[in-house]
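The values are calculated or read from the model by the stated rules, or taken from the named source; none is laboratory data. None of these values were measured; they are calculated from a predicted model. As a convention, Cβ positions derive from the backbone with ideal geometry for all residues, glycine included, and neighbour counts pool all protein chains shown.
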Amino acid sequence: MSSQKPILEARGLVKKYGQVVALNGADFEIYPGEILAIIGDNGAGKSTLIKALSGALQPDEGEISLGGERINFRSPRDAQRAGIETVYQDLAVAPALDIASNVFLGRETRRRGPLGSLLRLLDKRGMRREARRQFEELGIGVQSIGEAVGNLSGGQRQGVAVARAAAWARRLVIMDEPTAALGVKETGQVIDLIKRVRERGLPVILISHDMPHVFELADRIHIMRLGRRVAVVTPKTHTMPEAVAIMTGATPSELDNVLTKKGSPE
Amino acid sequence: MGPTRTLQLVRRLITAPTVGPFIALVLTMVFFSLKTDRFFQAQNFSLVLQQVMIVGVLAIGQTLVILTAGIDLSVGTVMALGQVIMTKLAVANGVPVVPALLLGVLTCVGFGALHGGLVTGVRLPPFIITLGTLNIAFALTHIISNDLTFTGLPKLELFWGRTFNISGTDFTYGVVLMLVLYALAWYGLNQTAWGRHVYATGDNREAARLTGINTNRVLLSVYTLAGLTYGIAAWLLIGRTQVGDPNAGQTTENLDSITAVVLGGTSLFGGRGTVIGTLIGALIVGVFRNGLTLIGVSVIYQYLVTGVLVILAVSVDQFLHRRNG
């Protein structure tokens, strides 16, 4: 890993909301092909960090680079164009629309010829075919691709959101607590999905509160506290209680430094 | 293959959102047919369609706005303003008919764009914005018209009130235009990416934005197009009344357009609904008014009935919303 360059990197990100400092000089990097988990207590700045990385908000200070180039996302659409897709907790999908429409939402394809260019007619059949192929590849079982997403279970909905991200991401997938609202069985399905996304060679940023899952999935674990990264550890070098201790600030700061050096790639 | 196909079709028909409103329409028609023989006649249906025409067209714009979880209280007064501008320019100011009509339509489009701009730019609630423009358009209508009614209008302004005959029954061209506008709105909402974005934005604006949809542009287009439908409705109104009347279209049209949308099964919470449902909803309102008149119920009771209908429809919407989350 030491020979590789980070695919996405951030230095000194600051984001303030009035008196509240959400990000206070946060650093970040993710390497090709890895699953990087981000953990941290409530209010540690996890969501703000990934929103900055996915273009949902603009940091006040600091810089972000993708593949070594400075970038400045002004909207989620900018990040998508750069190949970064994000799965949000529960607001990733439009329930009234069917599965295929959700997968293609914001990127609809039109019919060829004048029907598409002049009359703006959607290529519904083509989008359904493509969405079905995507679902088969990821091993998601869905009875009907024309079903409204509102009629699906929570796990299936999240499956749609993950499939959507996997279908369009060229560089990176970000997942913000993808299993937070799910039951045990559905959580298992989403975790399998995340693994399959990595098998495709896409790096994944995973925000989660669920330590066992984090330790099962992650190659490296980025720990946030009070708006900055306090350590990067790996499941091999640290135990769960150690990671939680760093996260909550229970260990002395000297130890934090040691742990940071031990865990970060040199 | 055959039986499952049929089953799927039956299931789709039963769960289609327009089925409820459609059954309500049929029941209403059966009721009035039993009450009076004057109801179930081709000439009477033609009359209902003419009465529905104005509200029907306004309700298309209202549907678009409500699909984005907004509401437009100004529809009737904006239309009245457009109508007064069209007629006054042509009659009193000697403006040629085509520019007069265009300026009237553009005024309504301008109001729509203003709503859209305030909703997206200043992030004000549509309820308050359109309550404001309701009063502004109302005042401008009376200021510009000087409370005069304009008559002796050019032929083109009266065009949509002209009739053609199908096997003994007269239909106005305005009714045909209304149906064409419904077809166009259906196409836009169901067959284009824009329609998908309208639904997604109405369902959850932030989620749609995070999906990469330019929700501000969607909202701006929705309010502006709604303004266009009010402008077209203004022209239809002239065809129906044959004059430019500053007092026309200001009382019942506002609430009736919302009633039509809600009766048609479109959710006030946004993201769910169809224009075909709205057409059925507008017909329900029209049939009720027509039927109650035929059986001799006074106008004031018609308001009572429409009021009850709206609250019933909104209650059903609220109930469904809670159940589905």
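Filtering segment B:1-43 to residues that are in a loop (DSSP other than H, G, I, E, B) and modelled with pLDDT under 85 leaves B:Met1, B:Ala16, B:Pro17, B:Thr18.
Of the listed requirements (1) under 19 Å from A:Val14 (Cβ atoms); (2) more than 10 Å from every other protein chain (Cβ to nearest Cβ), A:Glu69 misses just one: (1).
Every condition in (1) at pLDDT below 90; (2) away from every other protein chain (no Cβ under 14 Å); (3) not in a loop (DSSP other than H, G, I, E, B) is met by B:Leu237 except one, and the failing one is (1).
For segment B:220-233, does any single residue satisfy the condition of being at pLDDT 95 or above, assigned to a helix (DSSP H, G or I), at the interface with chain A (Cβ under 9 Å from one of its Cβ atoms) and out of contact with any Gly (no Cβ under 6 Å at 6 or more places or on another chain)? The answer is no, given that none of the residues of segment B:220-233 is at pLDDT 95 or above, assigned to a helix (DSSP H, G or I), at the interface with chain A (Cβ under 9 Å from one of its Cβ atoms) and out of contact with any Gly (no Cβ under 6 Å at 6 or more places or on another chain).
Evaluating A:Leu115 against the criteria (1) more than 10 Å from chain B (Cβ to nearest Cβ); (2) surrounded by fewer than 20 Cβ atoms within 10 Å (Cβ to Cβ); (3) among the aliphatic types (A, V, I, L, M) leaves one unmet condition, (1). The test for being in contact (Cβ under 8 Å) with a residue 40 or more places away in the chain, of a type in the set (A, V, I, L, M), surrounded by 14 or more Cβ atoms within 10 Å (Cβ to Cβ) and over 30 Å from B:Phe40 (Cβ atoms) does not hold for B:Leu103.
Among residues of segment B:220-240 being within 30 Å of A:Arg81 (Cα to Cα) and under 18 Å from the mean Cα position of the chain (by Cα), the one that is surrounded by the most Cβ atoms within 10 Å (Cβ to Cβ) is B:Tyr223.
Within segment B:25-43, the set of residues being surrounded by 14 or more Cβ atoms within 10 Å (Cβ to Cβ) and under 20 Å from B:Val175 (Cα atoms) comprises B:Leu25, B:Met29, B:Phe39.
Residues in segment A:134-148 that are closer than 23 Å to B:Arg5 by Cα and more than 14 Å from every other protein chain (Cβ to nearest Cβ) were compared, and the one that is surrounded by the fewest Cβ atoms within 10 Å (Cβ to Cβ) is A:Gly141. The residue that is nearest to the other protein chains (Cβ to nearest Cβ), among those in segment A:41-58 that are closer than 15 Å to A:Gln89 by Cβ and in a loop (DSSP other than H, G, I, E, B), is A:Ala56. Can A:Phe73 be described as over 12 Å from the mean Cα position of the chain (by Cα), among the aromatic types (Phe, Trp, Tyr), buried (at least 17 other Cβ atoms within 10 Å of the Cβ) and outside any strand (DSSP E or B)? Yes, satisfied.
Across segment A:127-164, the qualifying residues are those that are under 20 Å from the mean Cα position of the chain (by Cα) and basic (Lys, Arg), and the one among them that is modelled with the lowest pLDDT is A:Arg157. Checking each residue in segment A:85-127 for being among the small types (Gly, Ala, Ser) and part of a loop (DSSP other than H, G, I, E, B) picks out A:Ala92, A:Ala94, A:Ala96, A:Gly106, A:Gly113.
Residue-wise test of (1) of a type in the set (Ser, Thr, Tyr); (2) surrounded by fewer than 19 Cβ atoms within 10 Å (Cβ to Cβ); (3) more than 30 Å from B:Ala42 (Cα to Cα); (4) without any contact (Cβ under 8 Å) to a residue 40 or more places away in the chain.
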residue: B:Gly70; (1), (2), (3), (4): no, no, yes, no
residue: B:Pro126; (1), (2), (3), (4): no, no, yes, no
residue: B:Ser145; (1), (2), (3), (4): yes, no, yes, no
residue: B:Phe159; (1), (2), (3), (4): no, yes, no, no
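In segment B:266-281, of all residues being closer than 17 Å to B:Leu49 by Cα and among the small types (Gly, Ala, Ser), the one that is surrounded by the fewest Cβ atoms within 10 Å (Cβ to Cβ) corresponds to B:Gly277. A residue that is farther than 28 Å from B:Trp194 by Cβ, part of a helix (DSSP H, G or I) and not aliphatic (A, V, I, L, M) can be found somewhere in segment A:142-159. Note on segment B:166-216: residues that are over 20 Å from the mean Cα position of the chain (by Cα), within 11 Å of another protein chain (Cβ to nearest Cβ), of a type in the set (Ser, Thr, Tyr) and surrounded by fewer than 20 Cβ atoms within 10 Å (Cβ to Cβ) total 1. Among the residues of segment A:85-125, just one is among the aromatic types (Phe, Trp, Tyr) and touching a strand residue (DSSP E or B) at 6+ places or on another chain (Cβ under 6 Å), namely A:Tyr88.
Residues checked against (1) within 12 Å of chain B (Cβ to nearest Cβ); (2) modelled with pLDDT of 90 or more; (3) at negative phi:
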site: A:Ala22; (1), (2), (3): no, yes, yes
site: A:Ile30; (1), (2), (3): no, yes, yes
site: A:Asp60; (1), (2), (3): no, yes, yes
site: A:Arg74; (1), (2), (3): yes, yes, yes
site: A:Tyr88; (1), (2), (3): yes, no, yes
site: A:Leu91; (1), (2), (3): yes, no, yes
site: A:Leu97; (1), (2), (3): yes, no, yes
site: A:Arg110; (1), (2), (3): yes, yes, yes
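The condition of being in contact with a Leu (Cβ under 6 Å, 6 or more places away or on another chain), over 27 Å from B:Ala208 (Cβ atoms) and either assigned to a strand (DSSP E or B) or touching a residue at least 60 places away in the same chain (Cβ under 8 Å) (or both) holds for only one of A:Val21, A:Val14, that being A:Val14.
Considering each residue of segment B:256-265 in turn, at least one proves to be within 14 Å of another protein chain (Cβ to nearest Cβ), at positive phi and either surrounded by fewer than 15 Cβ atoms within 10 Å (Cβ to Cβ) or not in a helix (DSSP H, G or I) (or both). Only one entry of B:Gln250, B:Gln302 meets the criterion of being modelled with pLDDT under 90, in contact with a helix residue (DSSP H, G or I) (Cβ under 9 Å, 6 or more places away or on another chain) and not in a helix (DSSP H, G or I), and that entry is B:Gln250. The one condition from (1) on the phi < 0 side of the Ramachandran plot; (2) within 14 Å of chain A (Cβ to nearest Cβ) that B:Lys155 does not meet is (2).
Under the condition of being under 17 Å from A:Asn42 (Cβ atoms), of a type in the set (Val, Ile, Thr) and free of Cβ contacts under 8 Å to residues at least 40 places away in the same chain, the residues counted in segment A:217-251 number 3.
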